[in-house]
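All remarks here apply to the structure that follows.
The values are calculated or read from the model by the stated rules, or taken from the named source; none is laboratory data. Because the structure is a prediction, the values reported are computed rather than measured. Glycine gets a Cβ as well: all are built from the backbone with ideal geometry, and neighbour counts include every protein chain shown. Ligands, DNA and RNA are stripped out before the accessible areas are found, and what is left, the full protein with its side chains, is counted by its heavy atoms. Shrake-Rupley method; radii C 1.70, N 1.55, O 1.52, S 1.80 Å.
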Amino acid sequence: MNASSSHQLDIVLTPNGEVQKPISLDIFLIITKLIGAFIGIPLNTFIVLIIIRLRRLHSKPRNIFLLAMIISNLLLYFPSLIELIYWFLPLENVCRSYVAVIGLPNAILLWTMFLALADRYVAIKYPLKHREKVTVRRAIVFLFISTAVLIFIMKFIFIVGLAPIGCEIWFVHSK
């Protein structure tokens, strides 16, 4: 058995024999995603703009972690928007971009929430060391580096080229 036939056996097929796509939307999901996006994106963007504009909110690392959590929350809308674009414009590249980003916003949000929790724990447990060691610049640098490492770890097989980004569901990923 060659590599191409073993690849075909690993893909989930529909009852019609077509390749199962990872994006399947019905009208209820479309409406709820649109409502969530129309409410959530402006609200989160407004909060981000307030934190960025007011200089006094720049001086504490906890506000940097709060800003990172809000931006991560905004990233949660990205896969939903790709799904809506795919519903209006069902192209292979749109589906591949969905496969490339799925899971990342959730992991980034969980990671930033963990970092904010760890920051608050250290601030309560060791307040003097926290004031001395944790600065806004260090918080920003640590957030960027750790998030880049998280993205690299989660999408390692696609970045290195071990697996192609395809618009199909594999048995490994199915329920």
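Accessible area of the stretch 31-87 with a 1.4 Å probe: how many percent of it is carbon plus sulfur? Roughly 74 percent, rounded to a whole number.
To the nearest 10, the accessible area of Trp111 is 80 Å² with a 1.4 Å probe. Counting only the Cα atoms, the stretch 39-175 fills a convex hull of 148 Å³ per residue. Just report the Cα centroid separation between the stretch 84-108 and the stretch 42-59, whole Å. What the calculation gives is 28 Å, centre to centre. For the stretch 54-113, the orientation-averaged shadow of the C-alpha convex hull comes to 4.9 nm² (one quarter of the hull surface).
Treating each Cα of the stretch 96-152 as one equal point scatterer and applying the Debye formula with no solvent, the log10 of I(q)/I(0) at q = 0.15, 0.16, 0.18 Å⁻¹ comes out as -0.52, -0.58, -0.68. Residues Ile31, Ile151, sorted by accessible area with the largest first, give Ile31, Ile151 [1.4 Å probe; ligands and nucleic acids excluded]. Applying 0.36 nm per residue to the separation of Ile47 and Arg131 and subtracting their alpha-carbon distance, the gain on full extension is 27.7 nm. Rolling a 1.4 Å probe over the protein chains gives Phe28 an accessible area of about 140 Å².
When the dipole is taken about the Cα centre of the stretch 100-171, and only Lys, Arg (+1) and Asp, Glu (-1) are charged at their Cβ, what size is it in debye, to the nearest 20?
The calculated dipole for the stretch 100-171 is roughly 520 debye.
Once all protein chains are placed together, Tyr126 keeps about 110 Å² accessible to a 1.4 angstrom probe. Each Lys and Arg adds +1 at its Cβ and each Asp and Glu adds -1 at its Cβ; summed about the Cα centre, the stretch 41-175 shows a dipole of about 1020 debye.
Placing unit charges on the Cβ atoms of the charged side chains and taking the dipole of the stretch 25-154 about its Cα centre, the candidate lying farthest along the positive direction among Val141, Leu110, Ala123 is Ala123.
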